[in-house]
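A short worksheet on the structure shown next.
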Amino acid sequence: MPEKGTKPRKRLTREESRAQTRAALIAVGRSHFLRYGLGGAVAEKIAEDAGYSRGALYSNFDGKEDLFVAVIHAEQAHHLNVFRALLKEEPSSKKRLKKMRDAIADLMTDHDWIVLRAEFEVGALRSEHIRKSFVEVHRQQLRDGNELVRDLLRSPEVTSRLKPDDFITVIINLAHGLAVTQRILGPELSQKSTRSLIQSLFDRLLSSE
């Protein structure tokens, strides 16, 4: 019986409970994939660390690969929300461009994203299921990126050397490749230098007068 003056805890609906379970599995799965990789992570251990049974994981996801793809989708949604917020909160076109450039450089040199993206690429080369998911994510990146770049280009002060789709393809893939190389080389190519190179690439392709 709840104490006097306290409200009883609201009972979750079936949909809310399922969403909560999925969110917990995705969060724990993310940490396991970062630590052990897609190949080394164990579905049963992920479920256990999230506080659920093996059956709970398999009732929400088709398996470990499906959970990994869900982690990637969650990352992508978070990144998109960050970029949209940056554009919405800044009225100056030049400052919006700079904030977008810096946010892309920060994302592409973020250790967690570098590892997850690299695991996604390797997984796509080995698994047809993940390859199809990679293609879907790539297409969604183009749609989302197209929207963001077109928003920037609404200002007559902003010009692009490439079409929005081509700009997104170049900036994502070249920046990621550079960031992966930096993580492998370490001191030979500093994170600061890598970030600066990504910013320079952005400025060459998308600029303001």
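The values are calculated or read from the model by the stated rules, or taken from the named source; none is laboratory data. For clarity, every value in this text was computed on a predicted model and none was experimentally measured. Heads up, the Cβs are rebuilt from the backbone with ideal geometry, glycines too, and the neighbour counts pull from every protein chain shown. Calculation scope for accessible area: heavy atoms of the full protein, side chains included, ligands and nucleic acids excluded. Shrake-Rupley method; radii C 1.70, N 1.55, O 1.52, S 1.80 Å.
Filtered by the rule that a residue be open to solvent by less than 70 Å² (accessible area, probe 1.4 Å) and not in a helix (DSSP H, G or I), the stretch 41-51 gives Ala41, Gly51. Is there a residue being open to solvent by 70 Å² or more (accessible area, probe 1.4 Å), of a type in the set (Lys, Arg) and over 19 Å from the mean Cα position of the chain (by Cα) anywhere in the stretch 175-195? Scanning the stretch 175-195 turns up at least one residue that is open to solvent by 70 Å² or more (accessible area, probe 1.4 Å), of a type in the set (Lys, Arg) and over 19 Å from the mean Cα position of the chain (by Cα).
Close Cβ contacts (under 6 Å, 6 or more residues apart or on different chains) running from residues in the stretch 62-90 that are more than 18 Å from Ala105 (Cβ to Cβ) and open to solvent by 20 Å² or more (accessible area, probe 1.4 Å) to residues that are of a type in the set (Gly, Ala, Ser) and part of a helix (DSSP H, G or I) comprise Lys64/Ala43. Does Arg30 satisfy being without any contact (Cβ under 8 Å) to a residue 40 or more places away in the chain and of a type in the set (Lys, Arg)? When the stated conditions are applied, Arg30 does not pass them.
Report yes if some residue within the stretch 9-30 is at pLDDT 90 or above, surrounded by 13 or more Cβ atoms within 10 Å (Cβ to Cβ), hydrophobic (A, V, I, L, M, F, W, C) and under 30 Å from Glu209 (Cβ atoms); otherwise report no. No, the stretch 9-30 has no match at all.
Screening Glu209 against (1) modelled with pLDDT of 95 or more; (2) in contact with a strand residue (DSSP E or B) (Cβ under 9 Å, 6 or more places away or on another chain); (3) among the acidic types (Asp, Glu) leaves a single unmet condition, (1).
Taking first residues from the stretch 163-190 that are of a type in the set (Asp, Glu) and partners that are surrounded by 15 or more Cβ atoms within 10 Å (Cβ to Cβ), the Cβ contacts under 6 Å between residues at least 6 apart in sequence or on separate chains come to Asp165/Leu142; Asp165/Asn146.
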